[in-house]
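The values are calculated or read from the model by the stated rules, or taken from the named source; none is laboratory data. Being a predicted model, the structure only gives us computed values, none of them experimental. Positions of Cβ are backbone-derived with ideal geometry, glycine not excepted, and every protein chain shown enters the neighbour counts.
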Amino acid sequence: MDTRYLKSLITVVECGSIAHAARAEGLTAAAISQRILALERQLGFELLSRLGHAAKPSEACLALLPRAKRIVREVGLLAGDADGGGLTGELRVGAISTVLTGLLPTALRTLTGLAPQLKLVIVPGTSRSLFQALLGGELDAAILVAPPFELPKAMRSVPLRNEPLVLLSKDKPSSSILSQLQTHPYIRYDPDSWGGRHAQRYLADNGLTPNPLMDLDALETIAMLVAEGLGVSLVPYWSGFEQWRQQCTVSRVTSARYDRDIVLVSPVQTDRPNMMNALHQALSAS
């Protein structure tokens, strides 16, 4: 059995459609479909049910998926076993959106120099979804907002960046942060997100309950809306914000109580310790 076909099956299940899986793997949808059909012929049962553009795993597929993931993972470790330095092979790392455009580009250049044989697979997502994927063994590490709870003992967290809370406005403010929040439309950083809870705590501590124009868990989009003059917003000063400095005015909240911390979370026990050390070194240098 070709383990590449198993990898394609896993990707289809994770993406929810053959078309999305094809884009993720850089193949055509027809090629992915042929791989799934080949697996079904070998195993003797249906793996996917196709409903429109979606592909839903069968009960049999869900039953074999954990073992398939272990097989693919073990095959991915073979190249590293032959490398005494332990820097050859694939490393799956989750990252929130602001990390993708902020910390990661510089870190990737550094990492390429440190470990040219390391293949980094970047998985985008929210802090909550990436943490769940990490717990499920789908990722080797994740760069996300520090969780609002104590980590399980099997996980460790390394701080990467501290991001103070700021008020974004279109024009230079003529009044305090609290006054602006009371007199301008408020674009709210989603309070259900791990990062948004800091802004929500600041509002609660100051007895403010502004009626939000909208809720968003996308800081770049919030900055764009503020730059268009649609309102003000409380957000962390994220890595990569510099591109908005000419279009938005920043007023910093003085208390560190509302800062957002970006951390690298990974299992305490890992098959790729040298890769993880190289990743941490590259991120720390960014």
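Among the strands (runs of 3 or more DSSP E) confined to the range 86-187, the ones with at least 3 residues that are within 23 Å of Ser284 (Cα to Cα) and touching a strand residue (DSSP E or B) at 6+ places or on another chain (Cβ under 7 Å) are located at 89-95, 118-124, 141-145, 155-163.
Can you tell me which of Asp271, Asp217 is assigned by TED's automatic domain parsing to the domain that holds Asp140, charged (D, E, K, R) and under 24 Å from Ser157 (Cβ atoms)? Exactly one of Asp271, Asp217 is assigned by TED's automatic domain parsing to the domain that holds Asp140, charged (D, E, K, R) and under 24 Å from Ser157 (Cβ atoms), namely Asp271.
Contact annotation: residue pairs with Cβ atoms under 8 Å, 6 or more positions apart or on different chains, pairing a residue in the range 201-222 that is farther than 20 Å from Pro164 by Cβ with a partner that is of a type in the set (Val, Ile, Thr), are Pro212/Ile187; Leu213/Ile187; Met214/Ile187. Output yes when any residue across the range 76-91 is surrounded by fewer than 19 Cβ atoms within 10 Å (Cβ to Cβ) and modelled with pLDDT of 90 or more, and no when none is. No; the residues of the range 76-91 include none that is surrounded by fewer than 19 Cβ atoms within 10 Å (Cβ to Cβ) and modelled with pLDDT of 90 or more. As a summary of the residue check, Thr112 satisfies the conditions (1) loosely packed, with under 14 Cβ neighbours inside 10 Å; (2) within 30 Å of Met1 (Cβ to Cβ); (3) modelled with pLDDT of 85 or more except for the one numbered (2). If you filter the range 18-38 down to residues that are assigned to a loop (DSSP other than H, G, I, E, B) and touching a helix residue (DSSP H, G or I) at 6+ places or on another chain (Cβ under 9 Å), you find that the one that is surrounded by the most Cβ atoms within 10 Å (Cβ to Cβ) is Leu27. A count restricted to the range 51-65 and to residues that are out of contact with any strand residue (DSSP E or B) (no Cβ under 8 Å at 6 or more places or on another chain) and either outside any loop (DSSP other than H, G, I, E, B) or closer than 13 Å to Met1 by Cβ (or both) stands at 7.
Going through the range 166-207 one residue at a time, which ones are aliphatic (A, V, I, L, M) and surrounded by 15 or more Cβ atoms within 10 Å (Cβ to Cβ)? Full working, then the answer.
Within the range 166-207, the first condition is being aliphatic (A, V, I, L, M), and the residues that meet it are 166-168, 177-178, 181, 187, 199, 203-204.
Hits for the range 166-207 are Val166, Leu167, Leu168, Ile177, Leu181, Ile187, Ala199, Leu203.
Mind listing just one residue for me: the one in the range 130-146 that is surrounded by fewer than 21 Cβ atoms within 10 Å (Cβ to Cβ) and modelled with pLDDT under 95 and, of those, farthest from Ile71 (Cα to Cα)? Step by step, filter the range 130-146, then rank; the result is Gln132.
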